[in-house]
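What follows is a set of notes on a single structure, which appears directly below.
The values are calculated or read from the model by the stated rules, or taken from the named source; none is laboratory data. All values reported here derive from a predicted model rather than from experimental measurement. Every residue, glycine among them, receives a Cβ derived from its backbone with ideal geometry; neighbour counts consider all protein chains shown. Heads up: the accessible areas ignore ligands, DNA and RNA and are worked out on the full protein's heavy atoms, side chains in. Shrake-Rupley method; radii C 1.70, N 1.55, O 1.52, S 1.80 Å.
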Amino acid sequence: MSQLPILTFPDPRLRQKARPVQRVDAAIMRLVDDMLETMYAAPGIGLAAIQVNVPLQVVVMDVSEQHDSPLCLINPQVLALEGTEQREEGCLSVPGFYEKVTRAERITVQALDRLGAAFTLETDGLLAVCIQHELDHLNGKLFVDHISMLKRQRIRAKLERDQRNGAATSSKRGEAL
């Protein structure tokens, strides 16, 4: 396994739409393992393949306290969204920034697991938010697209300035999605 570089906003590659995985094979399983290692090291609780410059419909996450319950969704499809809730979100591709985002409270999703087996998952709470956040990435969206234009422009300007200056932005609030 190896850690992969994470793209940061406003990199245009983050706006790509991910393609479906045609076949779950050794290369996809290796990608999942590398993404998990990258996510845990960041540290984060979710990561989409598009964030590591692989435009495929693959996301990984682990919202457990012990970081011992990894979840992989390949070619995920939302079957149902219910209710609404607002939570503070961060993102490994928007380091150091956290904003409140409104999302569905409950989600039902169908996907393939790391080995290619189909499954359906119904969940709520943090995992539901994390899934929606990561699925946005597969469609070229970032959590900053859910906040005001003014806040988004300020975040963009700060990250561009930091990138020009070669500064590494650190997360002060813990893990990001």
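For the pair Gln22 and Ala118, a Förster radius of 25 Å applied to the C-beta separation gives a FRET efficiency near 0.95, rounded to the nearest 0.05. Computed on the chain, with alpha-carbon pairs under 8 angstrom and 6+ residues apart, the relative contact order is 26 percent. Amide H contacts of Gly116: none lie under 5 Å away among residues 5 or more positions distant or on a separate chain (H built 1.01 Å from N in the peptide plane; Pro and chain starts excluded). Remark on Asn53: its backbone amide H falls under 5 Å from those of Leu7, a criterion applied only to residues 5 or more positions apart or on other chains, H modelled at 1.01 Å from N.
The alpha-carbon atoms of region 22-177 define a convex hull whose volume equals 113 cubic angstrom per residue. Computed about the Cα centre, the dipole magnitude for region 21-68 is approximately 260 debye when only Lys and Arg (+1) and Asp and Glu (-1) carry charge, each at its Cβ.
About its Cα centre, region 74-136 has a charge dipole of approximately 120 debye under the convention of +1 per Lys or Arg Cβ and -1 per Asp or Glu Cβ, with nothing else charged.
The 3J(HN,Hα) values that the Karplus relation (6.51, -1.76, 1.60; θ = phi - 60°) gives for region 90-96 are, in residue order, x, 8, 4, 8, 10, x, x Hz. Gly and Pro appear as x.
Annotation for Asp33 and Asp145: the two label points, set 7 Å from Cα along the Cα-Cβ direction, are 3.2 nm apart. Amide H contacts of Glu89: Glu99, Lys100, Val101, each under 5 Å away and 5 or more positions distant or on a separate chain (H built 1.01 Å from N in the peptide plane; Pro and chain starts excluded). Ordered by solvent-accessible area of protein heavy atoms (1.4 Å probe), largest first, the residues Thr84, Thr102, Thr123, Thr38 come out as Thr84, Thr102, Thr123, Thr38.
Dipole magnitude for the chain: about 960 debye, using +1 per Lys or Arg Cβ and -1 per Asp or Glu Cβ, origin at the Cα centre.
On the protein heavy atoms, probe 1.4 angstrom, tell me the percent of accessible surface of region 1-86 carried by carbon and sulfur.
50
Excluding ligands, DNA and RNA, the accessible surface per residue across region 42-147 is 40 Å² with a 1.4 Å probe. Region 30-99 and region 102-126 have their alpha-carbon centroids 12 Å apart.
Expected output is a single nm value to one decimal: the length gained when fully extending between Gln66 and Ala157, i.e. 0.36 nm times separation in residues minus the C-alpha distance. What is it?
Numbers: separation 91, 0.36 × 91 = 32.76 nm, distance 3.51 nm.
29.2 nm is the gain from fully extending Gln66 to Ala157.
Between Gln66, Gln16, Gln57, the GNM of the chain built on Cα springs shorter than 10 angstrom shows Gln66 fluctuating the most.
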